[in-house]
Structure formats: structure tokens, C-alpha cells
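Asks: Shown below is the structure under consideration.
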Amino acid sequence: MIKMIVTGTIGSGKSTVREMLQRHMGKDVQFIDIDDIINDLYEEPMFQQLIVDIFGTAVKHEVSTLAFQDEKKRERLNDIVRSFVDRDLIGIVNYAGHIVIEIPLYFEMCMVQQSVAKALRKNFYVLTVSTSDRKARYERVRARCKIKHPHWTEDQIQQVFNSQLPDTIKEGLADAVMFNDGDLADLERKVVS
């Protein structure tokens, strides 16, 4: 039975690894991206109201900008997101089939006392995607932001980097580490092996 969590810091290549795994593992494996679940939350009226109460808006890019301007509000946002994600993860913990979940902030979630993410640790193999070259990660994020987050400033990108656990800590907590220091062909060879 394949039960895997793919995690890593921003720009490490975890989404690329998940997509490669999806191509090579086939249709018998369910693939879940927690970011998709979080994006869907912004459509839920109860979630929207909680966010509006804190930020005065539920427009995701506006919330993101405001959250990084106020650490207490960012912590409240993270608590709310975590509680909704936990709700959705409860069914996944005991899922009987093959499953690969991309959870960008998996180890950060595990640091929260009551997180369902901790329960996943008992049943799932954790693969951390890591790169030693922070500059390469930064350039990947900048390129992606031009398309997916054009409103992000250089300062916001830096704040996201600084808010995550370092690769070295994630590497020590993971069951395995996949280093993404080469090109896409090199990464794919590692995924296939």
C-alpha cells in the first residue's frame, strides 16, 4: 500500500515531484494537493466570514498581503486554515487505497498540538523535497509568482521563505529526502528510481 506525503519548502520542487509521481504511478493512486483544498476554502461561506472578521476581506491575494503585515493576524489565519484542513484530512487518515498527498507545510502543521497531520505520520511515508541552493529556489518562486501571484512583492516572497522551517530541519524529520539540485530530467530520474 502506497501512502506518501510529499513536502518541502517553497520553491523546492515538491509540486513537480508530485506531478512526476502521478505520471509514473498511474490511475490506481489518488493524488491530493492540500493547496487545492485551501483554495477551495475561500469559496466556503463559513470560512469567508471568519476571514472577513479578521482582515475585512476574503479575497485570497488581499488576505495574503495583509497576513504578512501582521504576525498575530497571520497566526489566526493559519489556525483557521489548519482547522478546516484538519476537517478534510480526517477522512484521508484512514483511506484504504494508494494515496500521495502534497502538504507544503506538513512539518509546521505537526508542530500544532491537535493537528490531524500528526495522525498521518503514523500511516504515511514522508518524502521531503530539498534543494541546497536557496537562490535557485528563490528564482523558481519569483518566476511562478509572475504567473500565479503577480501581486506578491519581493518582500512578501522573502517573508514566506522566512516563515518556513529550514530544509535542514525538514530533512532530519523526513523518512526520505529527494534533492532537487539538477535539471528536470535529473529530478525525473530520481522520481522513477
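The values are calculated or read from the model by the stated rules, or taken from the named source; none is laboratory data. If you're wondering where the values come from, they're calculated on a predicted model, not measured in any experiment. Positions of Cβ are backbone-derived with ideal geometry, glycine not excepted, and every protein chain shown enters the neighbour counts. Protein only, heavy atoms only, side chains kept; ligands, DNA and RNA dropped before computing areas. Shrake-Rupley method; radii C 1.70, N 1.55, O 1.52, S 1.80 Å.
Asks: Being closer than 19 Å to Leu120 by Cα and of a type in the set (S, T, N, Q) narrows it down to one of Gln22, Gln30, so name that one.
Replies: Only one candidate qualifies: Gln30.
Asks: Taking region 1-45 only, how many residues are basic (Lys, Arg) and open to solvent by less than 50 Å² (accessible area, probe 1.4 Å)?
Replies: The first filter runs over region 1-45 and keeps only residues basic (Lys, Arg), leaving 3, 14, 18, 23, 27.
Narrowing the set further to residues that are open to solvent by less than 50 Å² (accessible area, probe 1.4 Å) leaves 3, 14, 18.
Summing the residues that are basic (Lys, Arg) and open to solvent by less than 50 Å² (accessible area, probe 1.4 Å) in region 1-45 gives 3.
Asks: Follow-up. When region 7-16 is examined, which residues are found to be touching a strand residue (DSSP E or B) at 6+ places or on another chain (Cβ under 6 Å) and over 11 Å from Val100 (Cα atoms)?
Replies: Correct list: Gly8, Ser12, Gly13, Lys14.
Asks: Just need a number here: residues in region 106-123 that are open to solvent by 70 Å² or more (accessible area, probe 1.4 Å) and touching a residue at least 40 places away in the same chain (Cβ under 8 Å).
Replies: So the answer is 1.
Asks: For region 124-141, enumerate the residues that are surrounded by 14 or more Cβ atoms within 10 Å (Cβ to Cβ) and in a helix (DSSP H, G or I).
Replies: Ala136, Arg137, Tyr138, Arg140, Val141
Asks: Follow-up. Would you confirm whether any residue within region 71-93 is at pLDDT 85 or above, open to solvent by less than 60 Å² (accessible area, probe 1.4 Å) and outside any helix (DSSP H, G or I)?
Replies: no
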